[in-house]
Amino acid sequence: MIYATKQVKNPNRSRTALYLIHTNPQASYALPILMRSNGANQIMNTNKKTKQSGFTLIELMIVVGIIGVLSAIAIPAYKSYLIKTESNTAVSIPRTLLTNIDLYIQEKGNFPATTEASEVGAAADMSAMGTLAFTKDATTPTNGTLVFTVSNADASIKDKKITYTRTNSGWKCTHDIPETLLEKDLKGCLRAIP
């Protein structure tokens, strides 16, 4: 048996490959043997395990599940918050005109008509959220109603009305937003009884 050593390029650069070459002509193959620097012989390990980096599939699925649960809670809560905010805005838009309407009634002696809305500070484009309408009472000219119809908001409150009614005793606010959308009445505005 003849021994020959051959330096083989490998990642660690500290190992030397040793080939055993048989003198028998029928056995003309070589068996590679690695020699470590400490002298221990091992058969060359070509299936070297490398450390993987990144996330496993189960970790990613857990993260997706957590995001799904948070979304299932947050989206309905946000929608409810949005409806409450838009409803309160719809109540406050016509409320800003009440004092001006009272002053108008003192000066002119009657409730303003929709055509006279600019005289009480209501511009045609006062709110992109809806439209205002003034209606005089036929029997008492100082009484009337101010109706705000929601047209540009969440679909659940679209076409709902906020109505301010003026009588000799003062202003009264009612709305027709369903109880399923608002668990409590809006501040200063009661739900209209159908």
Right, ASN88: assigned to a helix (DSSP H, G or I), touching a Leu at 6+ places or on another chain (Cβ under 7 Å) and surrounded by 13 or more Cβ atoms within 10 Å (Cβ to Cβ) or not?
yes
Starting from the stretch 72-86, keep only residues that are modelled with pLDDT under 90, then list their pairs with residues that are surrounded by 10 or more Cβ atoms within 10 Å (Cβ to Cβ) and charged (D, E, K, R) whose Cβ atoms are within a distance under 8 Å, requiring at least 6 positions of separation or different chains.
LYS79/ASP154; LEU82/ASP154; ILE83/ASP154; GLU86/ASP154
With respect to LEU146, determine if the residue is within 19 Å of GLU86 (Cβ to Cβ) and modelled with pLDDT under 85.
no
Matching residues in the stretch 142-169 (more than 24 Å from PHE111 (Cβ to Cβ) and in contact with a Pro (Cβ under 6 Å, 6 or more places away or on another chain)) number 0
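The values are calculated or read from the model by the stated rules, or taken from the named source; none is laboratory data. Because the structure is a prediction, the values reported are computed rather than measured. FYI the Cβ positions are ideal-geometry reconstructions off the backbone, even for glycines, and counts take in every protein chain you see.
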